[in-house]
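Each value in this text was obtained by applying a stated rule to the coordinates, not by laboratory testing. The structure displayed is predicted, hence computed values, not measured ones. In this analysis, Cβ positions are derived from the backbone assuming ideal geometry, glycine residues included, and neighbour counts consider all displayed protein chains.
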Amino acid sequence: MHLVEAVLLLSIVAVLYRLFGGPTSWDRLLAYNSASNRVVVLLAIVAIVSKQQIYLDVAIVYAALSFLGVVILARFMERGEGHR
Amino acid sequence: MIAKILISFGLVFVAIGTLGILRFQDIYSRLQASGVSDNAGLGLVLLGLIAYQGMELQDVALAFLLFLLLLTNPIVTHSIAKSAFTQRHTGAKEEG
């Protein structure tokens, strides 16, 4: 399971490169969504490995909140505000 | 055994999707790579985690998490694509 966590962490770091250096705002938004999805799965792996079920609830709440944030930001930028 | 196979396939999908997000040239290509690989790869990893330790109570939470990811990821992809397309369209009209 350590290999799985290492691969997911490397993937998060590689996606964060697109988050900080994306050409447009939608690239940053997409990279943020991908990174938060990977973080959710990483939290699930941590919950399974350490046998503490509270991390699964944390992962569910994190997934719901990140979904809300990304959709609201996308609808906000659709109107032509807040992007360059 | 089944869990290891599922998690390995999921990690392959995740690695390919990350490569696509890093290397593709267009926002729509990156959206396609992200949407397909996140749904397939992370879903396979979660399925492998469900099959990792027999039947337990936490499998219900994992299944709900998988359902949540499979429900929200296409909505997010469509929302970002519609936002980028609409903004580019109206921006081109304002310039011309």
Options A:VAL15, A:VAL41, A:VAL7, A:VAL70: the member that is assigned to a helix (DSSP H, G or I), at the interface with chain B (Cβ under 7 Å from one of its Cβ atoms) and either exposed (fewer than 13 other Cβ atoms within 10 Å of the Cβ) or without any contact (Cβ under 8 Å) to a residue 12 or more places away in the chain (or both): A:VAL7
Unique residue being over 21 Å from A:SER25 (Cα atoms), in contact (Cβ under 8 Å) with a residue 12 or more places away in the chain and surrounded by fewer than 18 Cβ atoms within 10 Å (Cβ to Cβ) when the list is B:ILE16, B:ILE50: B:ILE16
Helices (runs of 4 or more DSSP H) contained in the stretch B:4-96 and holding at least 1 residues more than 8 Å from chain A (Cβ to nearest Cβ) and in contact with a Pro (Cβ under 8 Å, 6 or more places away or on another chain): B:27-37
Given (1) outside any helix (DSSP H, G or I); (2) more than 17 Å from B:ILE27 (Cβ to Cβ); (3) facing another protein chain (nearest Cβ under 9 Å), index of the condition A:GLY80 fails: (2)
Exclusive hit being of a type in the set (Gly, Ala, Ser), surrounded by 17 or more Cβ atoms within 10 Å (Cβ to Cβ) and in a helix (DSSP H, G or I), set A:ALA31, A:ALA64: A:ALA31
Selection status of A:SER34, within 10 Å of the chain's Cα centre (by Cα), facing chain B (nearest Cβ under 7 Å) and hydroxyl-bearing (Ser, Thr, Tyr): yes
Unmet criterion (only one of (1) closer than 20 Å to B:VAL12 by Cα; (2) not in a helix (DSSP H, G or I)) for A:GLN52: (1)
